[in-house]
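> Can you read through this structure? Questions will come right after.
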Ligand code: NAD
């Protein structure tokens, strides 16, 4: 079984690495937060003192980091530090699962190709629950051969694996999806609150809308109204899950992409403004479904 270096063990990377251990891979981990590495070590991972230390000697490198700047500097390095592509062996497959701008993904792919290394962008959908259950959707960009090579390790962490196109295409598809998700979350929140304001039970209203024409993923899997659904962030003080700061980042990426292609994205632009305001009010580290509170009457929050 292959050795996988897994770098970035946060809300998503931690459970993804744990699934690789369960599937029988030898997993060597690194994160800037020692406690995150400790949690994985208790599940059978080997730990490293640096990202390069984890990647040296691995067959596959997987990264799950916050943003493009982290991915660029980690893979390509800078004047002060070597990048992962400087230390991995020939033939190592590089997979970045972070959600970042397509340009950064293409930048890393180009530098990797110069060293004859295969790199794919493979951002995910499915949230922390999907990461824990091993049911993530992977949306990949890169060559056919690298995509084929990645099947085994991606299958150990997810269900649906798509090849969106060449380098960067996975990131473009991912930000289209997240722009849509943010709009659905805002619209679901305002609809639920309007029902509550008129005396409806949010549980009954959710059950109705779920099987009616307004049905969508947030109602099925991630209801933003506290108490309607168990085991989702809204029923846990909006802790864990997908941080508002990360949604703001993704909506910024989608607006940058819209400018580049001269696309009209009014709903995405509005959702970004709402999420930016929500973050400015101190909600950046809370789950993105906490946008529901923007619509609640003051006596309810
Ligand atoms: P997170 O902030 O919980 O985790 C990021 C981890 O990366 C942290 O543990 C941090 O210490 C580590 N890190 C940062 N820089 C590092 C470096 N140079 N070396 C090693 N470790 C480093 O974020 P997350 O929720 O796990 O999200 C990670 C990525 O996945 C983001 O790009 C996000 O947009 C995307 N994503 C998140 C979700 C979700 O539901 N949380 C869903 C889909 C995609």
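Just so it is clear, none of the values below were taken in a lab; they were calculated from the coordinates. All figures in this text were calculated on a predicted structure; none of them were measured in a lab. Quick reminder, even Gly has a Cβ in these numbers, built from the backbone with ideal geometry, and neighbours come from all protein chains shown.
> Roughly how many whole Å is it from the C-alpha centroid of the range 237-283 to that of the range 122-136?
Cα centroid to Cα centroid, the span is 20 Å.
> Further question on the same structure: Considering only 90, 45, 56, give the residue with the highest GNM mean-square fluctuation for the chain, with springs between Cα atoms whenever their separation is below 10 Å.
90
> Using Cα atoms only, what is the angle between the long axis of helix 13-22 and the major principal axis of the chain, expressed in degrees (0 to 90) to the nearest 10?
The answer is roughly 60 degrees.
> Let me ask another. Return the ratio Rg/(2.2 N^0.38 Å) for the chain, where Rg is computed over Cα atoms only.
Normalised by 2.2 N^0.38 Å, the Cα Rg of the chain equals 1.03.
> Of 135, 265, 99, which has the largest mean-square fluctuation in a 10 Å C-alpha GNM of the chain?
Its mean-square fluctuation being the largest, the pick is 265.
> Kindly express, to the nearest 10 degrees and within the range 0 to 90, the angle between helix 169-197's C-alpha long axis and the longest C-alpha principal axis of the chain.
Tilt of helix 169-197: around 20 degrees.
> Counting alpha carbon pairs within less than 8 Å and at least 6 residues apart, what relative contact order, in whole percent, applies to the range 160-252?
Worked out over the range 160-252, it gives 24 percent.
> Also, quick follow-up: Simple spin-label model, 7 Å along Cα-to-Cβ: residue 260 to residue 137 in nm?
2.1 nm
> Give or take rounding to whole Å, what are the principal axis extents of the alpha carbon atoms in the range 172-300, in descending order?
Result, largest extent first: 44, 33, 25 Å.
> Of 291, 208, 60, which has the largest mean-square fluctuation in a 10 Å C-alpha GNM of the chain?
208
> Between residue 239 and residue 23, what's the calculated FRET efficiency when r is the beta-carbon distance and R0 is 25 Å? Round to 0.05.
Using R0 = 25 Å, I get an efficiency of 0.35.
> Further question on the same structure: With Rg and the Kirkwood Rh both taken from Cα atoms, where does Rg over Rh land for the range 26-88?
That ratio equals 0.96.
> What's the ranking of 194-204, 165-175 by average number of surrounding C-beta atoms within 10 Å, highest first?
Averaged packing, sorted descending, gives the order 165-175, 194-204.
> Mind checking the alpha-carbon convex hull of the range 1-137 and giving the volume per residue in Å³?
It comes to 98 Å³ per residue, whole-number rounded.
> Next up: Pull up the DSSP beta bridges for the chain and report the antiparallel fraction as a percent, rounded to 5.
15 percent
> Let me ask something additional. Note the full-extension length gain between residue 145 and residue 276 as 0.36 nm times their separation in residues minus their Cα-Cα distance, in nm to one decimal. Walk me through the intermediate numbers first.
Working: separation 131, 0.36 × 131 = 47.16 nm, distance 3.96 nm.
Between residue 145 and residue 276, full extension yields 43.2 nm more.
> Express the Stokes-Einstein translational diffusion coefficient of the range 156-233 in µm² s⁻¹, to the nearest whole number, given a Kirkwood radius over alpha-carbon pairs, 20 °C and a viscosity of 1.002 mPa s.
150 µm²/s
> Work out how much length residue 162 to residue 113 would gain on full extension: take 0.36 nm times their residue separation and subtract the Cα-Cα distance, in nm to one decimal.
15.5 nm
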